[in-house]
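*Asks:* Next up is a structure, given as structure tokens.
The values are calculated or read from the model by the stated rules, or taken from the named source; none is laboratory data. None of the values given here were measured: they were computed from a predicted structure. Reconstructed Cβ throughout: ideal geometry from the backbone, glycine too, with neighbour counts over all protein chains shown. In case anyone asks, the SASA skips ligands and DNA or RNA and just uses the protein heavy atoms, side chains included. Shrake-Rupley method; radii C 1.70, N 1.55, O 1.52, S 1.80 Å.
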Amino acid sequence: MAVGLPALGACSLAWNQFGSILARDWLPYAVATALLATGLLWSGRAQRPSRPAMAGLLGLLGLAAWDALSLTWSPVPALARDEALLVVFYALVFAVPLLVVRTESDRRAAAAVVVAALGALAVAALVHLLVVAHPADDYEHGRLTFPISYVNAQAALFLIGFWPCVALTAQRAARPLLRGAASGGACALLAGWLMTQSKGGLVALAVSGVVFFTLSRKRLRAVVPTLIPASLVGASYLPLTRAFRQRDAADFADAIRSGSRLALVLAAASTLVGVAYGLVDRRASIPQRAQRAVGAFLLATLGAAAIGATATFFVVVDRPGHFLQEKWTSFKTLPAHESRSSHLTSLGSNRYDFWRVELNDFKREPLAGVGARGFAASYLQRRRSAETPARGHSLVLDTLSESGLVGLALLATALGFPLVAALRRGRRTALAAGLAAAGAYGLAHASVDWIWTFPAIGLPFFLFLGIANAGGEDDRGPPLLPVRIAAPLGAAVLAVAVGGLSLPWASARLTSAALRDPARAESDLRWARRLDPLSVEPLTAEASLAGTPAAAVPPLRSALAKQPRDASLHYRLGRALLAVGDRSAARRELLAAQRLNPRDPIIASALRATRP
């Protein structure tokens, strides 16, 4: 099935490129997806997307165009272009299921393919931790980061498929073996998330769980498929998180291996229990009235639990206002050393400072923002922390800061219409509710983290969203897209693949080849500059390969002409000028670097060397 190719692409990006956010790593997958979309449009069997899906596609393409336009005011034009291409990539992935998924059986098969890929990736990651020589290399501060090198993105890759897995387990008509496999996949994904201990993942899982059980009319049928992996993983909380508590101990590697081994055992147990549940469920029958009554009772119980928890908080905590103030202060400060037994109970981070800068950027440039991918440069100038983040850890605030109100309106169109349509469809079947919950999970987690920038996460998110919006209201499916429309659309997508996606990728490959083989560097870098005139990488590569500091100066000046607000380029040019003895010119460049990055101690140290 066509949907399986982007799903495998997401897993390959995670495994082979470690979830890289660099365009040179994910552009080949974007080209392949564009060629796939072209083939579907030219096949004569492409179907017409629904109006909400079409609005989402147009919103994504509009956002891509706005990001591309912002390269004229972004401090990093090449990265602004890359952001536009990333959004085009997401639009293509979103379009694939819209073109091929026609019926409910197609929807089940497509969803099963995506969750099978995610579940297999989770199991492979756990096996990897058992067989690799140094499993500690795949952990950071006691938290799992493999295969994606960023812990919260790794958590999102696990959890985004959890509710579709639960929904497939709840399908009474499905074969017990398939239901068992879905249950085992859900357990592997949940255990993998717990090993990352991502708080953003926990919040998004809770939000999407509320969406799933609120939408599902047969929520009683979904309770057992949810409890099977949740109870197994919950009961194993301490051994699965033991590595976090022993991250500085000699047996850290043993803690990782024992946790991985246990997670695999839990996944196998969940599979067996899921198969048994499927066999029993096919034979047992609960009256419809009883199902509705128990479902209503469960909702009432959850509401009562929420009210009870709130009441208990005010009874147990003597000074609620003081308590909340302490938590707010803790959230605003990154702890120097984490002393708690679980990362899930720690609130400290630098997100408050990131968001402060983003809101100030929005106040200064409310309509257009500072330009796509411009947050990193803005934060260097106004930061209060030592971190140098690429994005601000919130999709909404990133968009407001970098693309302004125009960008936010386009993003709301791109995600809002398909998500609302998915929520409306979510009341039809458990699978539709699971797909809607996956969309809710992606949006909730992206609101508190920068997972949007990781294509390995964006691909399954837009696949689930596309599957949720694909097909018609009955088994006949939607009408086919007329050839007179599909043919030119396919040609346009092919042109984007060749001109928009392939050329920057070819340029990046040539730049990498030049660094590997300096003997051919001159020719490779010349073609790299021609194929991608926006990028400064061929110029910085030329400076790196220069035999003398004097030879590095011209390409660095050319790079600065493309990105005059790049602190690192000013610093490199200042160092090169200092090496050739031009102390006054070096000081000018280093002062410019310091204005753009005033808290950098390395720049300050270099400046001291220019004093007479």
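*Asks:* Being farther than 18 Å from Leu79 by Cβ, aliphatic (A, V, I, L, M), modelled with pLDDT of 95 or more and in contact with a helix residue (DSSP H, G or I) (Cβ under 9 Å, 6 or more places away or on another chain), is that true of even one residue in the range 317-333?
*Replies:* So far as the range 317-333 goes, no, none of its residues is farther than 18 Å from Leu79 by Cβ, aliphatic (A, V, I, L, M), modelled with pLDDT of 95 or more and in contact with a helix residue (DSSP H, G or I) (Cβ under 9 Å, 6 or more places away or on another chain).
*Asks:* Right, something else. Since Ile467 meets every condition but one in (1) open to solvent by less than 10 Å² (accessible area, probe 1.4 Å); (2) under 24 Å from Ala390 (Cβ atoms); (3) among the aliphatic types (A, V, I, L, M), which condition does it not meet?
*Replies:* If we test Ile467 against (1) open to solvent by less than 10 Å² (accessible area, probe 1.4 Å); (2) under 24 Å from Ala390 (Cβ atoms); (3) among the aliphatic types (A, V, I, L, M), just (2) comes out false.
*Asks:* Hey, can you tell me all the residues within the range 30-55 that are under 17 Å from Phe94 (Cβ atoms), open to solvent by 50 Å² or more (accessible area, probe 1.4 Å) and either outside any loop (DSSP other than H, G, I, E, B) or of a type in the set (A, V, I, L, M) (or both)?
*Replies:* Residues satisfying the conditions are Ala32, Leu35, Arg51, Met54.
*Asks:* Here's something else I'd like to know. Among the listed residues Ala253, Ala269, Ala276, identify the single one that is closer than 25 Å to Asp138 by Cα and not acidic (Asp, Glu). It would help to see each step written out before you state the result.
*Replies:* Details: Ala269 fails: closer than 25 Å to Asp138 by Cα; Ala276 fails: closer than 25 Å to Asp138 by Cα.
The unique qualifying residue is Ala253.
*Asks:* Any residue at all in the range 408-427 that's part of a loop (DSSP other than H, G, I, E, B) and not aromatic (Phe, Trp, Tyr)? Before the answer, list the steps.
*Replies:* If we filter the range 408-427 for residues that are part of a loop (DSSP other than H, G, I, E, B), which is where we start, we get 426-427.
With the extra rule that they be not aromatic (Phe, Trp, Tyr), the set shrinks to 426-427.
Scanning the range 408-427 turns up at least one residue that is part of a loop (DSSP other than H, G, I, E, B) and not aromatic (Phe, Trp, Tyr).
*Asks:* Among (1) part of a helix (DSSP H, G or I); (2) surrounded by fewer than 21 Cβ atoms within 10 Å (Cβ to Cβ); (3) modelled with pLDDT of 95 or more, where does Ser584 come up short?
*Replies:* (3)
*Asks:* Look at the range 231-260 and say how many of its residues are of a type in the set (D, E, K, R) and not in a loop (DSSP other than H, G, I, E, B). Spell out how you get there, then give the answer.
*Replies:* Step one: of the range 231-260, the residues of a type in the set (D, E, K, R) are 242, 245, 247-248, 251, 254, 257.
Next, only the ones that are not in a loop (DSSP other than H, G, I, E, B) stay: 242, 245, 254, 257.
Counting residues in the range 231-260 that are of a type in the set (D, E, K, R) and not in a loop (DSSP other than H, G, I, E, B) gives 4.
*Asks:* While we're on this one: Which one is nearest to Ile603 (Cα to Cα), of the residues in the range 354-378 that are assigned to a helix (DSSP H, G or I) and within 21 Å of the chain's Cα centre (by Cα)? Break it down stepwise before answering.
*Replies:* Within the range 354-378, the subset assigned to a helix (DSSP H, G or I) is 354-364, 375-378.
Okay, now just the ones that are also within 21 Å of the chain's Cα centre (by Cα), so 354-355, 358, 375-376.
Values: Phe354: 22, Trp355: 25, Glu358: 24, Phe375: 20, Ala376: 17 Å.
My answer is Ala376.
*Asks:* Now, a different point. Note down all Cβ pairs under 7 Å where the first residue falls in the range 449-472 and is within 13 Å of Leu86 (Cα to Cα), the second is charged (D, E, K, R), and they're at least six residues apart or on different chains.
*Replies:* Thr453/Arg391
*Asks:* Find the residue count for the range 151-177, including only residues that are of a type in the set (Gly, Ala, Ser) and not in a helix (DSSP H, G or I).
*Replies:* So the count comes out to 4.
*Asks:* Of the numbered conditions (1) in contact with a Phe, Trp or Tyr (Cβ under 9 Å, 6 or more places away or on another chain); (2) surrounded by 14 or more Cβ atoms within 10 Å (Cβ to Cβ), Ala491 fails exactly one; give the number of that condition.
*Replies:* For Ala491, the failing item is (2).
*Asks:* Moving on. Of the residues in the range 430-453, how many are in a loop (DSSP other than H, G, I, E, B) and open to solvent by 10 Å² or more (accessible area, probe 1.4 Å)?
*Replies:* 3
*Asks:* Residue check, Ser149 against (1) in contact with a Lys or Arg (Cβ under 8 Å, 6 or more places away or on another chain); (2) within 30 Å of Ala250 (Cβ to Cβ); (3) of a type in the set (Ser, Thr, Tyr), all met but one. Which one?
*Replies:* For Ser149, the exception is condition (1).
*Asks:* Considering only the range 56-88, how many residues are under 22 Å from Phe417 (Cβ atoms), touching a residue at least 60 places away in the same chain (Cβ under 8 Å) and surrounded by fewer than 18 Cβ atoms within 10 Å (Cβ to Cβ)?
*Replies:* Total meeting the criteria: 1.
*Asks:* Now for a different question. Tell me, which residue of the range 210-224 that is of a type outside the set (D, E, K, R), modelled with pLDDT under 95 and part of a helix (DSSP H, G or I) is most open to solvent (accessible area, probe 1.4 Å)?
*Replies:* Val210
*Asks:* Take the conditions open to solvent by 40 Å² or more (accessible area, probe 1.4 Å), part of a loop (DSSP other than H, G, I, E, B) and either modelled with pLDDT of 95 or more or of a type in the set (A, V, I, L, M, F, W, C) (or both) and apply them to Ala390. Does it pass? Give the steps one after another, and end with the answer.
*Replies:* Numbers: open to solvent by 40 Å² or more (accessible area, probe 1.4 Å): yes; part of a loop (DSSP other than H, G, I, E, B): yes; either modelled with pLDDT of 95 or more or of a type in the set (A, V, I, L, M, F, W, C) (or both): yes.
Considered against the rule, which asks whether it is open to solvent by 40 Å² or more (accessible area, probe 1.4 Å), part of a loop (DSSP other than H, G, I, E, B) and either modelled with pLDDT of 95 or more or of a type in the set (A, V, I, L, M, F, W, C) (or both), Ala390 comes out as yes.
*Asks:* Identify the single condition in (1) within 30 Å of Ala243 (Cα to Cα); (2) part of a helix (DSSP H, G or I) that Ile148 does not satisfy, given that it satisfies every other one.
*Replies:* (2)
*Asks:* Looking at the range 402-420, which of the residues that are touching a Ser or Thr at 6+ places or on another chain (Cβ under 7 Å) and open to solvent by less than 20 Å² (accessible area, probe 1.4 Å) is farthest from Ala167 (Cα to Cα)?
*Replies:* Among residues in the range 402-420 that are touching a Ser or Thr at 6+ places or on another chain (Cβ under 7 Å) and open to solvent by less than 20 Å² (accessible area, probe 1.4 Å), the one farthest from Ala167 (Cα to Cα) is Ser403.
*Asks:* So which of Ala263, Ala204 ends up being hydrophobic (A, V, I, L, M, F, W, C), out of contact with any strand residue (DSSP E or B) (no Cβ under 9 Å at 6 or more places or on another chain), closer than 20 Å to Ala440 by Cβ and part of a helix (DSSP H, G or I)?
*Replies:* Of Ala263, Ala204, the one residue that is hydrophobic (A, V, I, L, M, F, W, C), out of contact with any strand residue (DSSP E or B) (no Cβ under 9 Å at 6 or more places or on another chain), closer than 20 Å to Ala440 by Cβ and part of a helix (DSSP H, G or I) is Ala204.
*Asks:* Here are some conditions: (1) of a type in the set (Phe, Trp, Tyr); (2) within 24 Å of Ala91 (Cβ to Cβ); (3) over 28 Å from the mean Cα position of the chain (by Cα). Trp505 meets all but one. Which one does it not meet?
*Replies:* Answer for Trp505: the failing condition is (3).
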